[in-house]
Each structure stands twice: as C-alpha cells, then as structure tokens.
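Each remark here refers to the structure printed beneath this line.
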Amino acid sequence: SLGPVATLNLANADIAPDGVSRAASLINGVHPAPVIMVKKGDRLKLNVVNKLTDPLQLRGTSIHWHGILQRGNNFMDGVPGVTQCPIAPGDSFLYTMTADIEGTYWYHSHFGVQYCDGVRGALIVQDPKDPLKVFYDVDDESTIITLSDWYHELAPSITGISMQDTTLINGKGRFPGGPNADLSVVNVQPGKRYRLRLISISCDPNFTFSIDGHDLTVIETDSVATLPHTVNRLQILAGQRYSAVLHTNQRVDNYWIRALPNSGNRNISTTFANGVNSAILRYKGAPNREPKSNQQKNVNALSETDLHPLHNPFAPGRPTPNGADVTFNLTFSFDEPTFKFSINNESFTPPTVPVLLQILSGARNAHDLLPHGGVLTVERNKVVQINMPSGLIGGPHPFHLHGHTFSVVKSADAPFNFLNPIQRDVVNVGETEGDYVAIRFRTDNPGPWILHCHIDFHLDIGLAIVFAEAPEQTPSANKNTPDAWDQLCPAWDSLPIS
Ligand code: C2O
C-alpha cells in the first residue's frame, strides 16, 4: 500500500483479472489501484503522473478523492470542467489535502468513463486512537474488500446499455463460461472479530453482498460511524462504502463471499455457479480448496432506514419537509433518441473552462456560469435540501455529492426522518415512480461541487449538476488568480476565454 506522500503513475498495460486479457489504464501497474493508507490528520501529497498513451483509451485524466470533504480546498477535488482542466498526457498534477475524518474512502479518475478501465482504488483514513472502538470491539481492521464490474471491451467503446462481463472482488473474478481463474481469498483466524471495509468501486451495477454462514454488523456508511446493526445481506451501490464487523464464529472451513450484480454477466447474474460473482473466506486450518457452503436461507437484508449515525444524528434545519432554508426540486429525464440524461432539462457536459475558474474570473450568478442551466448557486451557511425523484429509467441510481456528507432526511419508499437519519455521500434515489429522496446539508464549504449519478456511464451522458456554493468566497489554489489558472489549467491561454 501507499502512504500519504506518493507518486501515482498512470500508464496503459494488458491485464487478465478474470483470465481474459485486455488493455487497461492502471495506477502503478495494478487493478484495483494501490490502497492508500493514511492516518487521521495526515497531510496528503499525491503526485499524479499521466503516462497514458493508448489511442483507443482516454488519455487525459484527473483524480477525485471520493468522500474527502476538501474543506477550503475545493481546487483539489479533481473534477475536469468543474475544479480543473484534465491533466494532459505527459503532464502531472500534485494533489494536496488533509485527511481529517477517519473512515473508508476511495479514489478514481473523474475523466470520462476512465475509471471503468482500471483507474480506481481504496483510500483508508485510520484513527490510531479511535474513540469508537468501544462500540465495535474488533481484533483486526486490515481487511478491505473492493467490488467492481469488469468488461472485455474498453469503456469508451461501450455505447448504449453497458453489461459487465465479470464481477471482480479485490480485483479477481470468473467470467461465466470462461477460464477457471483464481478467486480472491480473505484469510481469517477462528474466533476473532474483523472489521471488513467494503467498497463499491463499480462503474455501473450494484452488488448484493453476503458471506455464507456469517452475519455482518454494519458500523460505518461512507465514512460516517453508525450504531451497530446486524444483517446478513446488504446492497451496495456504485461509490458507497460500508464497514461491517465479521465474527469468525463458525466451523473452521471455507465459505463463499458473494456479490450478486443487478445487471450484466450475460444474463446469468442470478447464479453463483463455479465461483462466478464470488470470493473465498478461508479460516486458518481449513483445506486449500473452494467452499461447499450455501447461502443463508433467512434473508436479513440491510435497509438504509435501519441505520443511524453514532454522533450528531440530527439533520440540519427545521424538522419539517419544508424546513430547509433553500429547497431544490430536481427533475430527471432520459431522452431516448439522443441517449442523454438530463437534470432540470440540461444534459451536463463539462465546460472547457472549469466552473471554478469562471468563478475566479468574476462570474457569480447561475446565469453567467457555464454550462447554462447546469450550475445552481447557493449562499453560504444555509441549510439546503435537495429533492430527487425516484423511478428514473436505468436505476437504481446512486447520487453522489462532492464536498459534503449529507443527511438522508427521506430515503426512497420511506417517510421523512429528521431525528436520526443516516449520513453519507452516495444515496440510492430509488425506483418507485412518484416517490422521491431528500438530502440536507449546510453550505459551509464554498466552491463548485458536482452532484451526479455514480453510474459512470450515466455521468458521461449528462446525469450531473453543479452547486456553486458561496461563489464570492470560493477559495483559490493561489490568492493570485493567474497562478491558480497556471496550476489548474496549464494550457489556459488556449482556452476559449482567458
Ligand atoms: Cu466518486 Cu464525482 O465521484
């Protein structure tokens, strides 16, 4: 794993995580990208070096540190067209930030659909003197489980509906009907409590995760500590994270770890035959072979409304559906002929001049900011509520807001809860037409922040909008605007406005 000061080299290479070789875009040669393991309070200095050359893949890049709030540090958020220009091939970009909150994060390219081709990995912020330990008493915190989709085609060449070929767990998986590739093995000792950090680094499908014969006690959602809640199955959408305590209290043996995708795998996604959609939990002392275990019959699935934050559970604002200072009712739509998604009738395309630089050049109001209709402005220190309709085609859609952890004051198919709603940074907006999801946060972090569907293929066809928070107080990389331009957009003098 990498520490807080590291170089991330992006380059092209062929890999065969499911036994089928294909070209990919990788960080330091591996998929998933190396785990970045830091301590709370660490100053991160991550130098991203773009050595991508494959003309069939995307060659610009930029890296987003998913879940890191970037307080006062908007210009390090890594979103092309919003906070910076893409990093050109041959260039590098030094990302600096502070890891101020313990939890489970990840990092990925935010350029086009590039992370689907391999630019994605785990980022863990540990707290050496974790005050929460009393609530979850674990013996080991080192287990990370990433879930991802995998395609035999390059992401930019996927047009229309994406259908993954293989589910990868910690970067390994079996293509249905393909070679008998190695599966990931999670090694454990009997009679211990393990904190599993479960991260969906998926581009599209969500996964229903379970481990045969074992319960999972959820203690974290998207870097927010929760009151412990025990289930035996949970659905995790693209971009979401959970920590769950696994008690190895079963017979010494091998057990299937299962991640069932909601789409893809050439229509046999409902099976676990021959280790498809699986990895192995292996107790110390168990034979070195594949499990014969069966999935638990009594389904005790996680419902988001059963989870409650451990600290500061109240949602901001007055505890009524109309009690926020500002409420945005977003509309979502899909246009079949153009194959584009829209929010408020605008299909988002990243502008050539990043929203941040438009603001630093003096643009203050939504009608001055590009893309027109794709940027909303809000004042500082307001409680904002965003209502998002359920039932959009192609769902369930996971919506991610940058720069904030929000309270989910209304989950899909559930009533309002202002007392102890779950806090997270990616929410499932639900599939029931006529319903909606509502989130709340306080505008305490000036700068332009994108809100988007974390199905990367949907972001790529416009399912995004930008909230420009307190434009007049936006921090810049450098108080001197021309220097900010040099850092964020080295070729700015060739941009349409300068
Ligand atoms: Cu994990 Cu805007 O993304």
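Laboratory data are not the source of any read-out in this text; all were calculated from the coordinates shown. Because the structure is a prediction, the values reported are computed rather than measured. A quick note on method: Cβ atoms are made from the backbone with ideal geometry, for glycine too, and the neighbour counts reach across all protein chains shown.
Selection among Asn73, His110, Ser148 by position relative to the dipole of the range 38-155 gives Asn73 as farthest towards the positive end (Cβ unit charges, Cα centre).
At 0.36 nm per residue, and after removing the present C-alpha to C-alpha distance, how many nm does the segment from Asp486 to Lys297 gain when stretched out fully? Don't skip to the end; give the middle numbers.
Numbers: separation 189, 0.36 × 189 = 68.04 nm, distance 5.89 nm.
Roughly 62.1 nm would be gained on extension.
Here's the list of lysines a cross-link from Lys40 could span, going by alpha-carbon distance under 24 Å and ignoring same-chain residues fewer than 8 apart: Lys129, Lys133. For the range 282-380, what is the relative contact order in percent, using Cα pairs closer than 8 Å and at least 6 residues apart in sequence? Normalised by residue count, the contact order of the range 282-380 is 13 percent.
Please arrange Asp149, Asp54 by counting, for each residue, the other beta carbons lying within 10 Å of its beta carbon, fewest first.
Numbers: Asp149 27, Asp54 15.
If I rank by nearby Cβ atoms, fewest first, I get Asp54, Asp149.
Panel values: the range 270-314, Kirkwood radius from alpha carbon pairs, Stokes-Einstein at 20 °C and 1.002 mPa s, translational diffusion coefficient 147 µm²/s.
Placing a pseudo-label 7 Å from each Cα along the Cα-to-Cβ vector at His372 and Thr96 gives an inter-label distance of 4.0 nm. Other residues whose C-beta falls under 14 angstrom from the C-beta of Asp77 contribute a net charge of -1, scoring Lys and Arg +1 and Asp and Glu -1.
Its relative contact order, with pairs defined as Cα atoms under 8 Å and 6+ residues apart, puts the chain at 14 percent. Label-to-label distance for Asp140 and His152 is 3.6 nm, based on points extended 7 Å past Cα in the beta-carbon direction. For the chain, dividing the convex hull volume of the Cα atoms by the residue count gives 139 Å³ per residue.
By how many nm would the segment from Asp54 to Asn365 lengthen if fully extended, with 0.36 nm per residue of separation less the alpha-carbon distance?
Taking 0.36 nm per residue and subtracting the Cα distance, the gain is 108.0 nm.
Its residues counted as N, the range 1-75 yields a C-alpha radius of gyration over 2.2 N^0.38 Å of 1.26.
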